[in-house]
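Here's the structure we're looking at; comments come further down.
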Amino acid sequence: MVQRQFPKPVELLELMQFKKPELNGTKRRLDAAFTIADLRTIAKRRTPKAAFDYTDGAAEGETSLARARQAFEDVEFHPDVLRPAENVDTSVEILGGPSALPFGIAPTGFTRLMQTEGEAAGAGAAGAAGIPFTLSTLGTTSIEGVKAANPHGRNWFQLYVMREREISYGLAKRAAEAGFDTLQFTVDTPVAGARLRDKRNGFSIPPQLTLGTIVNAIPRPWWWIDFLTTPKLEFASLSATGGTVGDLLNAAMDPTISYEDLEIIRGIWPGKIVIKGVQNVADAKRLIDHGVDGIILSNHGGRQLDRAPIPFHLLPTVVREVGKDATVMVDTGIMNGADIVAAMALGAKFTLIGRAYLYGLMAGGRAGVDKTIEILRSEIERTMKLLGVASIAELEPRHVTQLTRLAPMPRTDA
């Protein structure tokens, strides 16, 4: 029989420990975020629909993005027991330099659209964390501005080869002069993908004030205050503005880019050069044989060709075919530090995050990007400890099984 008694006042006082209220709204929001999905929820609440959908969306039915994320969720880990890993080393060497974590920040266009601090927040956070930051050709902070925000860290530059070749060549030279050490030559954007969320929202660069955007802005005045009281939102490296994202890309990009362009860019760029947007084994082998410093398996975050190959699924086969010493990197679909651990176990030398960083930026500016990195760092460290590995180098393919929901049909032309 349960014995009952009146609670003692002293015991009640011990239970009544109230947390001091956090008066800083940004810190309060970010303290409540434990995952990248939490940051996404905050970002959606704080950002106008058109800007959020531009970040969050993908091409056509958004199948490529959904499959890429599902591929990481469909991972089975195989931990080793009685293998102490009290302290783990998350650092790697990538493209001739160090990174404190096995991921960097991917290039994203129009970044100040999401939150006014834009690329400066990303570069500053990356520098503080000791990881590389990549500036997009379609960035809204200049090459020199990113260098000022991350003066002692590793800055990379993403390059599109455009119809007006001299513009691309000039940007590459500027980035080299500013001390950027790696060039990401992006090859999966001969024309713009059909980003239907943008079309349905009437989204343009720069954003236009319409009845719809004004109504949508009412619960988000802070975004519009930032937008209207900070320097004009425009490309930092290009002069063309006005129109939909598809219009701008189609006007600037050249569908005739080829290996000849790669040779010219290699002649201009003094540092490391990697090819971003590789989506099959044959191209991966051809490019490595061609002597590039690395490749990035990527379908552009699902924003170009819908139903494109899943980069994470390609990874083991590509690593086997090009050799484990080749620099193979992965992006698209990463939303958890465990995703990064799985990729590294299957042979990736590095990974890149795009949307995950932008969700943090929209949720809280520079502090939000710091939070993104902190969340991923803690997830990486915890996953490694639970697997029983003390360093990234100890991760092996045996630690991961890729479960698949999509098995290919037999080909009739095989």
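For Asp80, the test of being free of Cβ contacts under 8 Å to residues at least 12 places away in the same chain and either hydroxyl-bearing (Ser, Thr, Tyr) or open to solvent by 20 Å² or more (accessible area, probe 1.4 Å) (or both) is failed.
Restricting attention to region 154-177, the residues being more than 20 Å from Ala251 (Cα to Cα) and either open to solvent by 20 Å² or more (accessible area, probe 1.4 Å) or of a type in the set (Phe, Trp, Tyr) (or both) number 7.
Out of Ala71, Ala59, Ala50, which single residue is under 26 Å from Ile310 (Cα atoms), of a type in the set (A, V, I, L, M), assigned to a helix (DSSP H, G or I) and open to solvent by less than 60 Å² (accessible area, probe 1.4 Å)? Explain how you work it out, then say what you get.
Working: Ala59 fails: assigned to a helix (DSSP H, G or I); Ala50 fails: under 26 Å from Ile310 (Cα atoms).
Result: Ala71 is the single residue among Ala71, Ala59, Ala50 that is under 26 Å from Ile310 (Cα atoms), of a type in the set (A, V, I, L, M), assigned to a helix (DSSP H, G or I) and open to solvent by less than 60 Å² (accessible area, probe 1.4 Å).
Against the condition at pLDDT 95 or above and either of a type in the set (Ser, Thr, Tyr) or out of contact with any strand residue (DSSP E or B) (no Cβ under 6 Å at 6 or more places or on another chain) (or both), how does Ala85 come out, does it pass? Give the derivation first.
Values: at pLDDT 95 or above: no; either of a type in the set (Ser, Thr, Tyr) or out of contact with any strand residue (DSSP E or B) (no Cβ under 6 Å at 6 or more places or on another chain) (or both): yes.
No, not satisfied.
Looking only at residues in region 115-153 that are in a helix (DSSP H, G or I), out of contact with any Leu (no Cβ under 8 Å at 6 or more places or on another chain) and of a type outside the set (Gly, Ala, Ser), the one that is least open to solvent (accessible area, probe 1.4 Å) is Lys147.
If you check Glu374 against the conditions, is it free of Cβ contacts under 8 Å to residues at least 24 places away in the same chain and either crowded, with 22+ Cβ neighbours inside 10 Å or under 16 Å from the mean Cα position of the chain (by Cα) (or both)? Give the derivation first.
Values: free of Cβ contacts under 8 Å to residues at least 24 places away in the same chain: yes; either crowded, with 22+ Cβ neighbours inside 10 Å or under 16 Å from the mean Cα position of the chain (by Cα) (or both): yes.
The answer is yes for Glu374.
Go through region 182-200 and count every residue that is more than 20 Å from Glu263 (Cβ to Cβ) and in contact with a Lys or Arg (Cβ under 6 Å, 6 or more places away or on another chain). Of the residues in region 182-200, 1 are more than 20 Å from Glu263 (Cβ to Cβ) and in contact with a Lys or Arg (Cβ under 6 Å, 6 or more places away or on another chain).
Evaluate region 24-41: report whether one residue or more is touching a strand residue (DSSP E or B) at 6+ places or on another chain (Cβ under 8 Å) and buried (at least 20 other Cβ atoms within 10 Å of the Cβ). It would help to see each step written out before you state the result.
Pass one, region 24-41, residues touching a strand residue (DSSP E or B) at 6+ places or on another chain (Cβ under 8 Å): none.
Within region 24-41, none of the residues are touching a strand residue (DSSP E or B) at 6+ places or on another chain (Cβ under 8 Å) and buried (at least 20 other Cβ atoms within 10 Å of the Cβ).
Does Asp89 fit the bill of being surrounded by fewer than 21 Cβ atoms within 10 Å (Cβ to Cβ) and more than 20 Å from Tyr357 (Cβ to Cβ)?
Working: surrounded by fewer than 21 Cβ atoms within 10 Å (Cβ to Cβ): yes; more than 20 Å from Tyr357 (Cβ to Cβ): yes.
Yes: the conditions hold for Asp89.
Note on region 178-204: residues that are open to solvent by less than 20 Å² (accessible area, probe 1.4 Å) and under 21 Å from the mean Cα position of the chain (by Cα) total 10.
How many residues does region 282-316 hold that are open to solvent by 10 Å² or more (accessible area, probe 1.4 Å) and among the polar types (S, T, N, Q)? Selection size over region 282-316: 1. Considering the conditions (1) modelled with pLDDT of 95 or more; (2) farther than 25 Å from Arg195 by Cα; (3) of a type outside the set (Phe, Trp, Tyr), Asp331 is excluded by exactly one of them, (2).
The values are calculated or read from the model by the stated rules, or taken from the named source; none is laboratory data. What you see is a predicted model, and the numbers here were worked out from it, not measured in a lab. Backbone-built Cβ (ideal geometry, glycine too); neighbour counts: all protein chains shown. Ligands, DNA and RNA are stripped out before the accessible areas are found, and what is left, the full protein with its side chains, is counted by its heavy atoms. Shrake-Rupley method; radii C 1.70, N 1.55, O 1.52, S 1.80 Å.
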